[in-house]
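The values are calculated or read from the model by the stated rules, or taken from the named source; none is laboratory data. Given the structure is predicted, the values throughout are model-derived calculations rather than measurements. Methodologically, a virtual Cβ is constructed for each residue, glycine included, from the backbone with ideal geometry; neighbour enumeration extends over all protein chains shown.
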Amino acid sequence: MASTIHCDIVSAEAEIFSGSAAMVVVPGEEGDLGIAPRHAPLLTRLRPGQVRVLLPEGGEEFYFISGGLLEIQPHVVTVLSDTAQRAGDLDEAAALKAKEEAERAIADRSAGMEVAQAQAQLAQAMAQLAALERFRKQLKR
Amino acid sequence: MSGSKEIVGKIKSVQNTRKVTSALEMVSASKIRKAQELMQASRPYARMMRQVIGHLAHANLENPHPFTEARDEVKRVGYIVIATDRGLCGGLNNNMFRQLLGEFRRWQEQDVEVTTVIVGRKAAQFFRRLKVDVSASTQDLGDQPRLEDLIGSIKVVLDDFRAHRLDRLHLCYNRFINTMSQSVSIEQLLPLPPSEEEELKQYWDYLYEPSPEALLDDFLTRYIESVIYQATLENLASEHAARMVAMKSASDNASNLIDDLRLVYNKARQAAITQEISEIVGGAAAVS
């Protein structure tokens with residue numbers, strides 16, 4: 001089977017495509033790549049864009065990816081797609097948000113709502129247990 | 001009898017409680033399956049990543065990447081703690097926190113600072129009471145966690161690690177074994193433990209676009225993200241499983257309670273009837 005190449009497109013959240021292809025066209029960071037069977041082994045980053053898979057029996061499939069990484073071996077091509085737009089600034093903003101959230105989560109003592117709720121539930125359960133105990137004692141007498 | 005009305009009220013209230021717990025049980029049972037599917041779906045990515053990284057590690061890089069280099073001196077360790085957002089799941093979170101506290105104490109005895117990154121509202125509630133440094137937090141992931149939501153927190157720790165503010169990073173979550181059992185897992189994430197893969201038989205190398213160093217950094221970052229994401233999914237599945245079991249036993253307990261109460265009620269009612277009859281009979285005897 002020299003005329004096809006196995007193609008896997010996966011993201012951290014799901015397997016997107018897996019099967020053989022006659023050729024795969026991907027948006028490489030330094031230019032689009034057309035990968036035919038028996039391509040030289042290669043690793044590169046991908047830009048956001050379209051991955052085009054030409055199926056061996058004709059026809060083609062398109063997948064949009066928001067960047068990622070690409071691995072090529074002579075008979076296997078693997079697209080490790082990102083699930084989200086990644087850019088230095090965006091990641092930075094996300095990191096900042098996580099830090100803020102940490103401060104809020106730790107400082108925020110007014111989030112006692114849930115504690116109060118839990119305490120109320122606990123009190124109710126305790127009351128029920130106590131009632132049962134009382135009835136059991138009555139039974140024995 | 002005056003007590004009988006109270007007992008009826010009690011039975012009603014326990015019945016309502018049982019309705020809630022059995023509903024929660026069924027909801028969790030269906031969510032486990034979904035969580036497991038998510039776990040399954042994210043596996044190929046991690047597997048492929050591992051393969052490529054294994055290969056990259058063999059590609060004789062001139063400078064080892066900071067993530068793979070073991071550090072001689074450990075001054076500060078980080079923990080990524082993945083807990084649930086909601087409670088009512090048995091001892092799932094508390095078991096984990098107890099083990100974590102043991103770890104923290106061990107580090108503190110060695111004069112090593114501990115800092116944490118927390119995922120899940122229950123973790124935030126727990127660490128609020130502790131004097132442990134929390135550097136980032138993510139909450140409310142819901143039933144379909146997305147990697148996007150975790151990126152921020154992960155970046156904080158990875159940056160700390162790169163800047164030598166952290167010398168070691170651990171990941172802590174509940175591993176999903178099956179519906180009945182989950183186990184706390186605390187594993188070292190960074191520096192990456194050296195993998196024991198067999199040497200490649202014939203040497204060949206990739207073409208790199210751009211340099212191998214830059215690519216390795218990208219691969220490692222994404223690999224770590226995927227490991228943490230996978231852990232989040234496992235924890236989610238564990239949460240639902242633990243909740244299902246907890247709610248099942250709560251429903252069973254409620255059923256027992258109802259049976260007991262009903263027995264008490266019937267006895268009380270019977271006693272009241274007997275008393276009434278004997279009073280009537282006594283009254284009739286006195287008249288005649």
- Note on the structure: Residue hits (segment B:186-209; in a loop (DSSP other than H, G, I, E, B) and either closer than 24 Å to B:Ser137 by Cα or at pLDDT 80 or above (or both)) are B:Pro191, B:Leu192
- Only one of (1) over 28 Å from the mean Cα position of the chain (by Cα); (2) surrounded by 19 or more Cβ atoms within 10 Å (Cβ to Cβ); (3) under 30 Å from A:Ser18 (Cβ atoms) does not apply to B:Gly54, and that is (2)
- Given (1) surrounded by fewer than 18 Cβ atoms within 10 Å (Cβ to Cβ); (2) more than 30 Å from B:Glu209 (Cα to Cα); (3) modelled with pLDDT of 70 or more, number of the condition A:Val115 does not satisfy: (3)
- Quick one: in segment B:126-140, of everything that is farther than 12 Å from B:Thr116 by Cβ and in contact (Cβ under 8 Å) with a residue 24 or more places away in the chain, which residue is surrounded by the fewest Cβ atoms within 10 Å (Cβ to Cβ)? B:Asp140
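Can you pull out every residue in segment B:141-172 that is of a type in the set (Asp, Glu), under 21 Å from the mean Cα position of the chain (by Cα) and within 10 Å of another protein chain (Cβ to nearest Cβ)?
Looking only at segment B:141-172, we keep the residues that are of a type in the set (Asp, Glu), and these are B:143, B:148-149, B:159-160, B:167.
From what is left, the residues that are under 21 Å from the mean Cα position of the chain (by Cα) are B:143, B:148-149.
Passing the criteria: B:Glu148, B:Asp149.
Results for (1) more than 22 Å from B:Asp149 (Cβ to Cβ); (2) not in a loop (DSSP other than H, G, I, E, B), shown as yes or no for each residue.
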position	(1), (2)
A:Ser18	yes, yes
A:Gly34	yes, yes
A:Pro37	yes, no
A:Thr44	yes, yes
A:Pro48	no, yes
A:Glu57	yes, no
A:Tyr63	yes, yes
A:Gly67	no, yes
A:Leu70	yes, yes
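In this structure, is B:Ser42 over 30 Å from A:Arg136 (Cα atoms), loosely packed, with under 14 Cβ neighbours inside 10 Å and either in contact (Cβ under 8 Å) with a residue 24 or more places away in the chain or of a type in the set (Ser, Thr, Tyr) (or both)? Talk me through it step by step, then tell me what you get.
Details: over 30 Å from A:Arg136 (Cα atoms): yes; loosely packed, with under 14 Cβ neighbours inside 10 Å: no; either in contact (Cβ under 8 Å) with a residue 24 or more places away in the chain or of a type in the set (Ser, Thr, Tyr) (or both): yes.
No, not satisfied.
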- Query: Any residue at all in segment B:57-67 that is among the hydrophobic types (A, V, I, L, M, F, W, C) and part of a helix (DSSP H, G or I)?
  - Reply: yes
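Every residue, every condition in (1) without any contact (Cβ under 8 Å) to a residue 60 or more places away in the chain; (2) over 13 Å from the mean Cα position of the chain (by Cα), yes or no:
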site	(1), (2)
B:Arg50	no, yes
B:Gly90	no, no
B:Met96	no, no
B:Val114	yes, yes
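Conditions tested, residue by residue: (1) among the basic types (Lys, Arg); (2) under 23 Å from the mean Cα position of the chain (by Cα); (3) at pLDDT 80 or above.
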| position | (1), (2), (3) |
| --- | --- |
| A:Ala22 | no, no, yes |
| A:Gly49 | no, yes, yes |
| A:Ser81 | no, yes, yes |
| A:Ala95 | no, yes, no |
| A:Arg104 | yes, no, no |
- Query: Out of all the residues in segment A:63-71, is one or more buried (at least 16 other Cβ atoms within 10 Å of the Cβ), facing chain B (nearest Cβ under 8 Å), touching a His at 6+ places or on another chain (Cβ under 9 Å) and in contact (Cβ under 8 Å) with a residue 12 or more places away in the chain?
  - Reply: yes
- Within segment B:130-140, count every residue that is farther than 21 Å from A:Ala12 by Cα and more than 8 Å from chain A (Cβ to nearest Cβ). 4
